[in-house]
Amino acid sequence: MITVIELGCANTASVLFALERLGVEAHLSSDAAEIAAAKKVVLPGVGAAGFAMNRIHELGLFDVIRSLDVPLLGVCLGQQLLFEGSDEGDVQCLGLIPGRVTRMEASNNFVVPHMGWNQLAVTRDDPLTASVNDGDYAYFVHSFVCPVNECTLATATYGEPFAAMVRKGQVWGCQFHPERSSATGAKILENFVKL
């Protein structure tokens with residue numbers, strides 16, 4: 001059983017369908033006790049960091065998420081919320097991974113938001129990146145980026161390199177949408193299920 005956190009700012013249906021395609025039982029919850037008792041947790045998110053963090057506080061989930069000792073996977077905005085803070089609304093995030101989320105730099109060649117398929121470059125071995133190869137494509141939709149640091153598992157480049165996958169301890173993140181990333185995304189979700 002995987003618990004998917006319901007904040008009201010994510011396309012949770014596609015995450016649930018992707019897990020169901022893998023034969024995994026998953027359910028949505030915004031209940032602190034349920035999430036605290038979960039065996040594995042997914043934190044999806046779409047939209048603004050400030051709104052999502054306000055929802056986390058309103059639902060009484062800040063300390064619950066921070067104290068989880070089971071595998072936690074942040075997806076898209078969910079990965080950004082794992083970091084210490086975000087320039088999007090100058091908000092304090094969950095502080096589970098060091099670093100600050102910053103706005104992508106737009107240019108004539110690189111419009112923001114970054115939307116579409118982009119290649120991954122795996123920077124270190126990890127159970128989540130098993131059978132994921134350099135050059136595999138994933139589907140991104142975002143305007144803010146996580147820094148490349150010691151927690152980075154894979155990068156992608158859009159103008160500049162950014163952290164596409166991260167890990168610290170029992171906490172993982174994917175900046176892209178694995179549930180929309182075809183075979184690569186399915187493999188990553190399968191790897192998460194097997195943790």
Heavy-atom surface of the chain, accessible at 1.4 Å and reported per residue (Å²): 43
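Per residue, what volume in Å³ does the convex hull of the Cα atoms of the chain enclose? Provide the component values of the computation, followed by the final result.
Details: hull volume 19.1 nm³, N = 195.
It is 98 Å³ per residue.
Note down the net charge around A36, summing +1 for each Lys or Arg and -1 for each Asp or Glu among other residues with Cβ under 12 Å from its Cβ.
Numbers: positive: K39, R66; negative: D31, E34, D63, D69.
Spelling it out: positives minus negatives among the neighbours equals -2.
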Solvent accessible area, Å² - D31, 1.4 Å probe, full protein context: 70
Candidate residues R124, R167: accessible-area rank, largest first, probe 1.4 Å: R124, R167
Computed accessible area, W117, all protein chains, 1.4 angstrom probe, square angstrom: 130
Residues whose placed amide H lies under 5 Å from that of E84, excluding near-sequence neighbours: G95, I97, G99
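Specify the longest stretch of the chain that does not include any exposed loop site, a site being one of the GluC sites (Glu not before Pro) with a non-H, G, I, E, B DSSP assignment and at most 13 other Cβ atoms within 10 Å.
Numbers: sites that count: E25, E105, E150.
Counting only loop sites that pass the neighbour cut-off, the longest clear stretch is 26-104.
Determine the share of the chain's accessible area contributed by carbon and sulfur atoms, expressed in whole percent, with a 1.4 angstrom probe. Please list the in-between numbers first.
Details: 4170 of 8440 Å².
Percent of accessible area from carbon and sulfur atoms in the chain: 49.
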CD proxy at 222 nm, helix term only [per DSSP H run n ≥ 4: -39500 (n - 2.57); per residue of the chain; nearest 500]: -6500 deg cm²/dmol
Segment 1-75: trypsin sites (Lys or Arg not before Pro) falling in loop per DSSP and having at most 13 other Cβ within 10 Å: K39
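The values are calculated or read from the model by the stated rules, or taken from the named source; none is laboratory data. Small disclaimer: the values here were computed from a predicted structure and weren't measured. Cβ sites come from the backbone with ideal geometry, for glycine too, and all protein chains shown count toward neighbours. The accessibility values were calculated without ligands, DNA or RNA, using every heavy atom of the protein model including side chains. Shrake-Rupley method; radii C 1.70, N 1.55, O 1.52, S 1.80 Å.
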